[in-house]
Amino acid sequence: MHNTILDNELEELKSEILRMGALIEKSIYQATMSLIEDKVDLARQVIAEDDDVDTLTIDVQNKCLRLIALRQPLAVDLRAVQADLQMATDLERMGDCAEKIAKSTLRLHGKRTIDDLSLLSQIASEVKEMVTNIINSYSAADVEKAKSIVKAEDEIDGLYKSYFNILMDAIREDPNKADMAVQLLFATHCLERIADHATNIGESVLYMVTGERASLND
């Protein structure tokens, strides 16, 4: 007979991961909105709420390690716990990236020199969609959805490179734009890192469902 206590604990763990995922989605959205629309209060909220994500991460990690030690889960359940442990780390790092974007908002307040942020907005939107899709793939244990996010990451990488060149040109043309361009580069790099962590989560979903450790970046 399958261990009901273990089942319940695994479900509880999954709920916490999904709660973390929802918090992270919100942070990414609010951080990028704060930067695009110069919303300082929103940026401060993101920075303050990062503590909640850190607390949840520690809780999830402790639960995972306790489950492995006390319940000694077998194959498929052990994979689920290991995937959750890895996911908690990737989600926490996404939260750190969102916090860094929010800090760029604060640094630029009252010192903005670039008006057109449409490409940043596009990158932010694609990253947010990628994160939503990868969390849904975890929730549904959907391997195909997890694999499909690779295409999104390639697109985000391409947009990042284009934006990098545009911002470098802006600095060359008008050195007064350098401070803001640097902060935008920094924020876009953070968005690209979030996409990398989403790909890691895709790999965790793949491992959880199939037992294969595959790289989605190949």
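The values are calculated or read from the model by the stated rules, or taken from the named source; none is laboratory data. Keep in mind it's a predicted model, so treat the numbers as computed, not measured. Ideal geometry is used to build each Cβ from the backbone, glycine not excepted, and the neighbour counts take in all protein chains shown. Keep in mind that these areas ignore ligands, DNA and RNA; they rest on the heavy atoms of the full protein, side chains included. Shrake-Rupley method; radii C 1.70, N 1.55, O 1.52, S 1.80 Å.
Return only the number of the condition from (1) open to solvent by less than 70 Å² (accessible area, probe 1.4 Å); (2) not in a helix (DSSP H, G or I) that Met130 does not satisfy.
Every condition holds for Met130 apart from (2).
Restricted to segment 183-218, and to residues that are more than 21 Å from Ile101 (Cα to Cα) and open to solvent by 40 Å² or more (accessible area, probe 1.4 Å), which residue is nearest to the chain's Cα centre (by Cα)?
By that ranking, first place goes to Glu203.
Can you tell me how many residues in segment 168-218 are within 22 Å of Ile17 (Cβ to Cβ), hydroxyl-bearing (Ser, Thr, Tyr) and assigned to a helix (DSSP H, G or I)?
Residues meeting the conditions: 4.
Condition check ((1) touching a strand residue (DSSP E or B) at 6+ places or on another chain (Cβ under 6 Å); (2) closer than 17 Å to Phe186 by Cα; (3) of a type in the set (A, V, I, L, M)) across all residues:
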residue	(1), (2), (3)
Leu6	no, no, yes
Ser15	no, no, no
Asp50	no, no, no
Val76	no, no, yes
Arg79	no, no, no
Ile101	no, yes, yes
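Which ones in segment 78-105 are open to solvent by 40 Å² or more (accessible area, probe 1.4 Å), over 16 Å from the mean Cα position of the chain (by Cα) and modelled with pLDDT of 95 or more? Steps first, answer last, please.
Quick first cut of segment 78-105, residues open to solvent by 40 Å² or more (accessible area, probe 1.4 Å) only: 78-79, 82, 85-86, 92-93, 96, 100, 103.
Those left that are additionally over 16 Å from the mean Cα position of the chain (by Cα): 78-79, 82, 103.
Lys103 - this is the single residue of segment 78-105 that is open to solvent by 40 Å² or more (accessible area, probe 1.4 Å), over 16 Å from the mean Cα position of the chain (by Cα) and modelled with pLDDT of 95 or more.
If you check every pair at least six apart or on different chains, which have Cβ atoms under 9 Å apart with a residue in segment 130-159 that is closer than 12 Å to Ile201 by Cβ first and a residue that is among the aromatic types (Phe, Trp, Tyr) second?
Within 9 Å, the pairs are Ala146/Tyr138.
Which residues, taken from segment 11-22, are surrounded by fewer than 19 Cβ atoms within 10 Å (Cβ to Cβ) and either in contact (Cβ under 8 Å) with a residue 60 or more places away in the chain or closer than 30 Å to Leu117 by Cβ (or both)? Talk me through it step by step, then tell me what you get.
The initial filter retains those residues of segment 11-22 that are surrounded by fewer than 19 Cβ atoms within 10 Å (Cβ to Cβ), namely 11-12, 14-16, 18-19, 22.
Within segment 11-22, Lys14, Leu18, Ala22 qualify.
Consider segment 139-151. How many of its residues are within 30 Å of Glu12 (Cβ to Cβ) and open to solvent by less than 40 Å² (accessible area, probe 1.4 Å)?
Residues of segment 139-151 within 30 Å of Glu12 (Cβ to Cβ): 139-149.
From what is left, the residues that are open to solvent by less than 40 Å² (accessible area, probe 1.4 Å) are 143, 146, 149.
Summing the residues that are within 30 Å of Glu12 (Cβ to Cβ) and open to solvent by less than 40 Å² (accessible area, probe 1.4 Å) in segment 139-151 gives 3.
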